[in-house]
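The structure appears right after this line, and notes come after that.
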Amino acid sequence: YGFYKERNEAHPDFRMPNPPQAKLLEAWKNPQYKVFTYSGANRIGKTFISSLLGICTLAGEYLWSGEKMVFPFPGPRKVRYVGQAWESHVKAVVEPMLHFWWPQARPLDRKKNNQGIDAIWVDKKTRSTLEIMSNVQDSSVFEGWMGDLVLYDEPPKRDVRVACARGLIDRNGRELFAMTLLKEA
């Protein structure tokens, strides 16, 4: 898979992908695939792989190899990351994993929301953006968006998913559902 062979300074805790993650990463390289699921119990690396693909999309390349990612739409990437509750999930799980993956030497701007979450990430090198949202927000705030990738960390409410998916149409974007199917299946 071309992952780090030795300890990497930007990601010293990096590990090789588990078999389901490796299958997802292999499928990710096929531009025909638009909707992905990565489901299972806790601790199989759902947030790990979602955050990795989100950061790689912002960078426009696979972090471990420098291989360019292919996008159907030119220009800066727009990624939306939908977590569950702000405090118990986004702040405790999603945000720390995004911080883990962000290369330390790569310039980044972040803006906090009213909950104190780094909700807007701007890659200063590519001008690509990542917007973190919560499944507890009213579905109307998800409307009117246009982007390249939506990452769902746990199942979204149906109306949230519909609004996000609608925003992928013009840019021929992708969705990744990384979830334990307990609710909203």
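Centroid-to-centroid, using Cα positions, the stretch 37-62 and the stretch 89-166 are 13 Å apart. Of all accessible surface on the chain at a 1.4 Å probe, what whole percent is carbon and sulfur? Ligands and nucleic acids excluded, carbon and sulfur reach 52 percent. Summed over the residues of the chain and divided among them, the accessible surface reaches 51 Å² per residue at a probe radius of 1.4 Å. Within the chain, what's the longest stretch lacking GluC sites (Glu not before Pro) that sit in DSSP loops with no more than 12 other Cβ atoms inside 10 Å? Result for the longest clean stretch: 68-185. With a ≥ b ≥ c taken as the square roots of the eigenvalues of the C-alpha gyration tensor of the stretch 26-118, please select rounded if a/c is under 1.5 and otherwise prolate if a/b is larger than b/c or oblate if it is not? Oblate. Selection among 83, 47, 60 by position relative to the dipole of the stretch 42-106 gives 83 as farthest towards the positive end (Cβ unit charges, Cα centre).
Computed per residue of the chain from DSSP H runs no shorter than four, each worth -39500 (n - 2.57), the mean residue ellipticity at 222 nm is -6500 deg cm²/dmol. When the listed pairs 124/157; 34/112; 34/78; 78/125; 23/91 are checked against a 25 Å cut-off, the alpha-carbon distance exceeds it for 124/157; 34/112; 23/91.
In the stretch 72-153, the convex hull through the Cα atoms has an average projected area of 5.7 nm², a quarter of its surface area. Here the scattering of the stretch 120-166 is modelled by Debye summation over its C-alpha atoms, one equal scatterer each and no solvent; at q = 0.14, 0.20 Å⁻¹ the log10 of I(q)/I(0) is -0.36, -0.68.
For residue 150, the residues whose modelled amide H falls within less than 5 Å of its own, excluding neighbours fewer than 5 places apart on the same chain, are 80, 174, 175, 176. Translational diffusion of the stretch 87-129, estimated by Stokes-Einstein from the Kirkwood radius over alpha carbon pairs at 10 °C in a medium of 1.306 mPa s, is 145 µm² per second. Can you run the Rg to Rh ratio on the stretch 37-185? Use alpha carbon positions and the Kirkwood inverse-distance Rh. With Rh from the inverse mean 1/r over Cα pairs, Rg/Rh is 0.93.
Just going by the charge dipole of the chain, with Lys and Arg at +1 and Asp and Glu at -1 on Cβ, which of 169, 180, 93 is farthest out on the positive end? Projecting each Cα onto the dipole axis, the largest value belongs to 169. Computed about its Cα centre, the charge dipole of the chain is approximately 240 debye, with only Lys, Arg, Asp and Glu carrying charge at their Cβ.
The values are calculated or read from the model by the stated rules, or taken from the named source; none is laboratory data. What you see is a predicted model; the values in this text were computed from it and never measured. For neighbour counting, all protein chains shown are included, and Cβ atoms are generated from backbone atoms with ideal geometry for every residue, glycine included. Protein only, heavy atoms only, side chains kept; ligands, DNA and RNA dropped before computing areas. Shrake-Rupley method; radii C 1.70, N 1.55, O 1.52, S 1.80 Å.
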